[in-house]
Each structure stands twice: as C-alpha cells, then as structure tokens.
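Q: Here's a structure for you.
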Amino acid sequence: MSLATASAAGAPSARMVLLRGYDESGFVFFTNYTGRKATDLAVNPRAALVLFWSPLHRQIRIEGAVAKVTEQESDDYFRSRPFGHRLGALASPQSQVIPGRAVLEDRMAELEREFAGKEVPRPATWGGYRVTPLMIEFWQGRESRLHDRLRYQVQANGSWLLERLAP
Ligand SMILES: Cc1cc2nc3c(=O)[nH]c(=O)nc-3n(C[C@H](O)[C@H](O)[C@H](O)COP(=O)(O)O)c2cc1C
C-alpha cells in the first residue's frame, strides 16, 4: 500500500509499505523507527494509505491516526521474519545517506558471522505502526465512468457515517 505522511512543516511524502495486518483496531505496517516516515510520524502522527487493485478497478483510501504497535506485537512479527530480513533490520540505517553498497554488505557479512545459529534480537529502532482509521473510502470503477465512491467517517459517538461521493 502507499503510505503518505507529512513533516512538521506540512510537506507530504509517500512510499510503499507492506500491509502486514488489519482488523477493527486498524492497519499495521512495520518499518524502521528512525527513517523519514518515522521522523514525520513523531511530530505529526497522522497518515493516509492507498491500496489499488488494477484488475478489479478498486481503490481504498484510508486516513487516520498513527501510533506504534506494542513491543510484543513488534517482537512477534520480527521473530516470524526470515533470518536475512532480521539481519537487514539491524544492518540498515534506513533513510540515512551512505557512501555506497559496500557499507551495507560489509555490515551484513559481519552480522551473519555474529548471529550464525543464534537468535537475532529485534533492534529498538525497528517495529510496527498502526493506522487507526478516521475515514475509509471505497472506490469502484465502472465502465460508464460514473464510478462509485463510498466514504465512511468516524463520528464523535464512534459510529460510522456512510456517504456517497461524486466521482
Ligand atoms: C512493494 C514495496 C514494499 C515495501 N515495504 C516496505 C515495508 O513494509 N516497510 C518499510 O519500511 N519499507 C518498505 N518499502 C520501502 C519503502 O518504500 C521506503 O523506501 C522505505 O521505507 C524508506 O522510507 P522513508 O525514508 O520515507 O522512511 C517497500 C517498498 C516497496 C516498493
């Protein structure tokens, strides 16, 4: 899915992340807690998500509040990742400028030696975020170009208001 955040100054940025879980409490993705998106979310804990299925002509837009998932959730997911992915989280200072690939490859080789046959601990700088939706819009494309747009918005009493929007 596409994840959009904004800086303290209101400058937007967007990137793809993997949607790793969703339920009534929100939409979860995992990332580095020191990269650009994390810096944005620390000062402006709001995000917008977009999912798109080309063959189905479907789009879902989600906007909401963002918070880190629990340490337990991050630990559980981190443990489920393949060995190399876990080491990658340790090896890569996400979004920092690096002089070349060699820095990453050397660090990865070092970590492979250090953790061979051992449990890889989740770095404190890596974990999940949950986007708790305040708005979800379902878009369904139609041949006629009169596409359907159904918007759900959370109301003060916690219920959802459903409205149809013009395409
Ligand atoms: C298909 C796809 C999936 C991705 N999934 C993730 C992800 O789950 N977590 C993540 O941190 N970065 C993911 N990335 C990389 C991000 O798009 C981005 O480059 C990285 O998170 C750094 O973003 P930032 O500098 O804005 O923090 C993915 C990229 C692509 C193309």
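Q: Looking only at region 45-78, filter to residues that are in a loop (DSSP other than H, G, I, E, B) and surrounded by fewer than 19 Cβ atoms within 10 Å (Cβ to Cβ); which one of those is farthest from the ligand (Cβ to nearest atom)?
A: Among residues in region 45-78 that are in a loop (DSSP other than H, G, I, E, B) and surrounded by fewer than 19 Cβ atoms within 10 Å (Cβ to Cβ), the one farthest from the ligand (Cβ to nearest atom) is HIS57.
Q: Quickly run through region 119-163 and pick out the residues that are in a loop (DSSP other than H, G, I, E, B) and acidic (Asp, Glu).
A: If the condition is that a residue be in a loop (DSSP other than H, G, I, E, B) and acidic (Asp, Glu), then GLU119, GLU143 are the ones that fit.
Q: Taking region 1-16 as the search range and keeping residues that are in a strand (DSSP E or B) and not polar (S, T, N, Q), which one is surrounded by the most Cβ atoms within 10 Å (Cβ to Cβ)?
A: Here the residue is LEU3.
Q: Pairs needed: first member in region 127-154, aliphatic (A, V, I, L, M); second member anywhere, not in a strand (DSSP E or B); C-beta distance under 7 Å; at least 6 residues apart or different chains.
A: LEU146/PRO167
Q: Of the residues that make up region 91-104, is at least one aliphatic (A, V, I, L, M), over 24 Å from MET1 (Cα atoms), in contact with a Lys or Arg (Cβ under 8 Å, 6 or more places away or on another chain) and within 16 Å of the ligand (Cβ to nearest atom)?
A: yes
Q: Filter region 142-156 down to the residues that are surrounded by 10 or more Cβ atoms within 10 Å (Cβ to Cβ) and either under 15 Å from SER54 (Cα atoms) or at pLDDT below 95 (or both), then identify the one that is nearest to the chain's Cα centre (by Cα).
A: Ranking the qualifying residues of region 142-156, first place goes to HIS147.
Q: What are the residue pairs meeting all of these: first residue in region 91-111, first residue within 15 Å of TRP126 (Cβ to Cβ), second residue of a type in the set (Lys, Arg), Cβ atoms under 7 Å, and 6 or more apart or on different chains?
A: Close Cβ pairs satisfying both conditions: ALA91/ARG107; SER95/ARG36.
Q: Could you give me the residue pairs with C-beta distances under 6 Å whose first residue belongs to region 17-44 and is in a loop (DSSP other than H, G, I, E, B), whose second residue is modelled with pLDDT under 95 and within 6 Å of the ligand (Cβ to nearest atom) wherever it lies, and which are 6+ apart or on separate chains?
A: Partner pairs satisfying both residue conditions: GLY35/GLN94; GLY35/SER95.
Q: Out of region 1-25, which residues are within 8 Å of the ligand (Cβ to nearest atom), farther than 17 Å from ARG46 by Cβ and among the hydroxyl-bearing types (Ser, Thr, Tyr)?
A: None - no residue of region 1-25 is within 8 Å of the ligand (Cβ to nearest atom), farther than 17 Å from ARG46 by Cβ and among the hydroxyl-bearing types (Ser, Thr, Tyr), so the list stays empty.
The values are calculated or read from the model by the stated rules, or taken from the named source; none is laboratory data. Because the structure is predicted, anything quoted here is derived from the model rather than measured. As a convention, Cβ positions derive from the backbone with ideal geometry for all residues, glycine included, and neighbour counts pool all protein chains shown.
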